[in-house]
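Here's the structure we're looking at; comments come further down.
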Amino acid sequence: MKTHILSQAKIGAVLLIMANSVWAEQDYSIRELTKPQSTVNFGAGFLFNDNARFGQYSGLRDEGFYGIFNVDVLRRNDDTGTWLRIIGRNLGYQNRDIRLEHSRQGNWGYFFEFNQTPRFEPFTAITAVKGIGSSHLQVPTTPTTGDPLRLKTEREIISLGAHKFLPGNFELQVHFRNEEKDGARIFGRGNRLGPPGPTAVGGYEFIPEPINFTTRIFGATLNYNGKDLQLSGGYYGTLFENKNTALTTTGGSSVGGIFAPSLFTPIALPPDNQAHQAFLSGGYSFNPYTRGTFKAAYTIASQTDGFFPTQLTAPGAPSNLHGKVDTSLVQAAVTSRPLSKLTLLANFRYEDRDDKTPVFLYNPNAFNVDLNGNRWNGFNTPRSFTTFTNKFEASYALPMNLRLIGGIDYEHWDRTGTPQTTSHRNHTDELSGRVELRRSLAEALTGTISYIHSDRSGSHFLTNVKATGDPFFNLIAPINLADRNRDKVRLLLNWEPLEPLSVQVAVDQSWDNFDGDRSNSGLGIHKGIARNYSLDAVYTFSEDLQANAWFSRNETQIDQASRTPEPRVPWSVKLENLGTSFGVGMNGRPHEKLEIGTNLTYSDITDKFKQSITEVACCPGNTPVPNINFKQGRWNLFARYALQKNLGLRLDYILDYFKTNEWTWNRWTYTDGTQLTQDTNQLVNFLGLSAYYSWQ
């Protein structure tokens, strides 16, 4: 009897333990769904290879160990209904950021944020220039070999903001951001080393620009959210300050007399400026089928930073630019569905940028004869413009699951200003028509085909003249102003042959025909072609395994012609940019405690120039410049293993590949002896191991 009672007691104890276990498990699951969860991730990674590209914006450039630390703390006070969140990312790297948020839902909230982002110059400068990073440089007077130097800039941003809900469906938002950018970046000065003439040789010296910028952005917005009417109005301002007014140099080449590079000092740097904007936007629902939206803004931008005392100016020039640009913007749109099968859209946009900067003679040296024997006027040229953009679109549902869409776009530009060394016209107009047909071809297949045609034309081109009043080159129309006809077709397909598989295909091609010739010379841009192909696919094998793949091909071509200065021999170029990219990825959970994922991407981009000279005999030794090619690939692999429900390990592996034959900068040598170099074949391995811990 005792044995039986004891056995029952054991069974009861076991059942009680099992029940407690189940209840504990259920309690944890309930807490997981109802209580906010916090996570910290910490560890270390090792970079196996020095590089210039992989860590350009993260600081992972030098072989060695790096810390891994990420944090996401989320807490809720049930008594007050307030939320507190602290998010930190990449705290062990140089591109770190951390953010604190505190709010009461539907009442108030505020945040503080810090971001740090480096930017390492991918080229190494071997230079003997001294004082880099400051506004006073010492440049060698003769070509001199120096020491390797890696230029860098770094941004540090502090942001804060707050919002408060007010009675009557109003909400007030304020924000402030302060950005400090410091360092140095590639910069130079140059001129011909001698008097004007066909044989004059250019001289270029390496004088890195010191970066010590402060940018402040701030504003306030008052929002109203009613049943039919929504409004948002406020103020937005920016202030830019450069602590370096000018770049001063000593030394440099004295070859060339009055044209010597050493005489070009000091050199003005970006001046302080500011902008202030008042804006109002909103929307109104007239009825369940018609809604209108609008936006209006007025901006005043000014530049009144004083010129430095020794800056070259003409007699009578002011002490600063007195630059001022006032911009007015009005935009309105209406969408309506007057019939069950018909949807209409109308959009209007007006922008007027009024450049009120006064005109003065700033550069008396412009009257000196240049390389081509020309003289210029030396006055600044304010440029204002006004644009009108109108859009109308109609969409109608047809039988057989068809939808027909048609649209007309019109854009008008009014420009002020006078032609300088390039052609100029005061007005351009562009009219575009679009027709599109959509259809569900099958239950799992939908397709869209569209055609767009646009024509751009404008007023006559103004005559380019020199300071003497004589006409200058008036042969070529700029690409953004030239008359142009464009035709574009596009095909889109969405296919879901199986429930777990979805595929998207996009193909488009456009043809541009330009009238870039102003004087029947055959010069200027002639035509352009653009082709784009893309394929995206996603397959869900199960709830625990998904895969994706994508492919894209981009081709852009431009044909244009010009001619050499002396002798005047025509030449042509067929510019091409060809890009091929693809990627594959997979994420899965082969075990309840293990999650793995991988992603592979690759891009191959080539720039082709295809230059040719009509009269080869005139220019012996001239050969087309070589193509430029970039190849870049990356393989990411990660694995997460749960030691417990709230504790686990994470493994990350990255293989990064970069290769180029870029020649425009690589091995470039300045006349002071500075040379820019880069590793044209970079292979990087990174391995990281970290732990994560979660709590509630």
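For the stretch 444-591, what is the Kirkwood hydrodynamic radius in Å, using each pair of distinct C-alpha atoms? This gives a value of 19.4 Å.
For 662, 496, 180, the ranking by accessible surface with the largest value first comes to 496, 180, 662, using a 1.4 Å probe.
Note on exposure: 499, 411, 121 ranked by accessible area (1.4 Å probe, complete protein assembly) read 499, 411, 121, with the most exposed listed first. Inter-label distance, residue 72 to residue 444: 3.4 nm, where each label sits 7 Å from its Cα along the C-beta direction. Of the peptides 144-153, 245-254, the ranking by mean beta-carbon count within 10 Å, highest at the top, reads 245-254, 144-153. For the stretch 107-259, averaging the sequence separation of C-alpha pairs within contact (under 8 Å, six or more residues apart) and dividing by the residue count gives a relative contact order of 25 percent.
Taken one residue at a time, the phi angles of the stretch 125-131 give Karplus couplings (6.51, -1.76, 1.60, θ = phi - 60°) of 9, 9, 9, 10, 5, 10, x Hz. Gly and Pro are set to x. Structure note, pairs 181/356; 243/324; 466/527; 152/527; 227/391; 152/659: Cα-Cα distances above 32 angstrom occur for 152/527.
For residue 512, the accessible surface of its heavy atoms amounts to roughly 20 Å² (probe 1.4 Å, protein chains only, rounded to the nearest 10).
Net charge near residue 500, counting Lys/Arg +1 and Asp/Glu -1 over other residues with Cβ under 13 Å of its Cβ? Summing Lys and Arg as +1 and Asp and Glu as -1 gives -4. FRET efficiency for the residue 533 to residue 628 pair, using the beta carbon distance and R₀ = 22 Å, is estimated at 0.50.
Give me the net charge of residue 661's neighbourhood, meaning all other residues with Cβ under 12 Å from the Cβ of residue 661; Lys, Arg count +1, Asp, Glu -1.
Residues close to residue 661 contribute a combined charge of +1.
Computed from Cα positions, the angle between helix 2-34 and the longest principal axis of the chain comes to roughly 20 degrees. Here the dipole of the chain is about 680 debye; that uses its Cα centre as origin and unit charges on the Cβ of Lys and Arg (positive) and Asp and Glu (negative).
What is the sum of charges around residue 382, taking Lys and Arg as +1, Asp and Glu as -1, for the other residues whose C-beta is under 15 Å from the C-beta of residue 382? Neighbour charge sum, excluding residue 382 itself: 0. Computed over the stretch 259-406, the range of Cα coordinates on each principal axis works out to 76, 37, 22 Å, biggest value leading. If R0 is 30 Å, the Cβ-Cβ spacing of residue 293 and residue 356 corresponds to a FRET efficiency of close to 0.45. Farthest towards the positive end of the charge dipole of the stretch 33-110, among the residues 71, 51, 95, is the Cα of 71, using unit charges on the Cβ of Lys, Arg, Asp and Glu.
Each 20 Å bin, from zero up to the one with the longest distance, holds this percent of the alpha carbon pairs of the chain: 11, 35, 40, 11, 2, 1, 0. Computed extension gain for residue 169 through residue 185, at 0.36 nm per residue and net of the alpha carbon distance, reaches 0.9 nm.
Ligands, DNA and RNA left out, the accessible area of the chain computed with a 1.4 Å probe is 59% carbon and sulfur. Estimated at 0.36 nm per residue, the fully extended path between residue 308 and residue 489 surpasses their Cα-Cα distance by 59.7 nm. Taking every protein chain into account, the accessible area of the chain amounts to 56 square angstrom per residue (probe 1.4 Å).
The values are calculated or read from the model by the stated rules, or taken from the named source; none is laboratory data. A quick note: this is a predicted structure, and the numbers were derived from the prediction, not measured. When we count neighbours, we look across all protein chains shown, and the Cβ atoms used for this are built from the backbone with ideal geometry, even at glycine. In case anyone asks, the SASA skips ligands and DNA or RNA and just uses the protein heavy atoms, side chains included. Shrake-Rupley method; radii C 1.70, N 1.55, O 1.52, S 1.80 Å.
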